[in-house]
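A quick write-up on the structure given underneath.
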Amino acid sequence: MIEIRTSKRVEIIDITSEVQKEVDKSGVKDGIAVVYTQHTTTAIIINENESGLKEDIVFVLDKLIPRGAGYMHDEIDNNADSHLRAIFLGNSVVVPITNGKLDLGTWQRIMFVELDGPRTRRVIVKVIGG
Ligand code: ZN
């Protein structure tokens, strides 16, 4: 389990090294890692950790799913955009493990996406293999 303390309402955080630590602890050399967020207003993505791109992701989320656009859920919780964004991004990724290492592409990083922060969040890592 990885605990993440976020500092903004929307924030993208690289958790690749924390996930690798969980793989190291498991001792698995060949298998898969499932990285799963238990929250309904967060997401897990794989992409490039580049500051401009991260701003672009936030920009596109604002454009596609703006805050307070007349959603029903805002009547009880005022964070409908956060839930809707989470649904579109997805709440888990699966990464292959080869020779004990996350087998990511050159520019690929595992990133946690906070969509209704700041909060303390939990990400589960299940490592399967031998
Ligand atoms: Zn809500």
Note the angle between two axes, namely the Cα long axis of helix 80-89 and the longest principal axis of the Cα atoms of the chain, as a number of degrees from 0 to 90, rounded to the nearest 10. 30
Residue among Gly27, Val58, Ile2 farthest towards the positive dipole end of the chain, charges placed on Cβ: Gly27
What are the ³J(HN,Hα) couplings of segment 95-106, residue after residue, when phi is run through the Karplus curve with 6.51, -1.76, 1.60 and θ = phi - 60°? Round to Hz, x for glycine and proline. 10, x, 10, 10, 6, x, 10, 4, 8, 8, x, 3
Carbon plus sulfur, as percent of the 1.4 Å-probe accessible area of segment 44-130, comes to 54
Rg to Rh for the chain: what is it, with Cα atoms only and Rh by Kirkwood? 1.01
Table column - 3J(HN,Hα) (Hz), segment 14-27, Karplus curve with 6.51, -1.76, 1.60, x for Gly and Pro: 6, 10, 4, 5, 5, 5, 4, 4, 5, 5, 4, 4, 6, x
Roughly how many Å² is the accessible area per residue of the chain, as a whole number, for a 1.4 Å probe? 57
Segment Asn47-Asp62, length gained on full extension (0.36 nm per residue, minus Cα span): 3.5 nm
So if each residue of separation counts as 0.36 nm, and I subtract the Cα-Cα distance between Lys8 and Glu75, what length gain in nm does that give? 21.9 nm
Past 22 Å, Cα to Cα, is the threshold; run Lys25/Lys101; Lys8/Lys54; Lys21/Lys54; Lys8/Lys101; Lys54/Lys126 against it and keep the listed order. Lys21/Lys54; Lys8/Lys101; Lys54/Lys126
Using +1 on the beta carbon of Lys and Arg, -1 on that of Asp and Glu, and nothing else charged, what's the dipole of the chain about the Cα centre, debye to 20? 340
Taking the chain as the reference, fit the longest principal axis to its C-alpha atoms, fit the long axis of helix 51-64 to the helix C-alpha atoms, and give the angle between the two in degrees, 0 to 90, nearest 10. 40
How would you order 70-83, 109-122, 15-28 from highest to lowest mean count of nearby Cβ atoms within 10 Å? 109-122, 15-28, 70-83
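The values are calculated or read from the model by the stated rules, or taken from the named source; none is laboratory data. Source: prediction; values computed, not measured. Every residue, glycine among them, receives a Cβ derived from its backbone with ideal geometry; neighbour counts consider all protein chains shown. Each accessible area value is taken on the protein alone, full model and side chains, heavy atoms only, with ligands, DNA and RNA left out. Shrake-Rupley method; radii C 1.70, N 1.55, O 1.52, S 1.80 Å.
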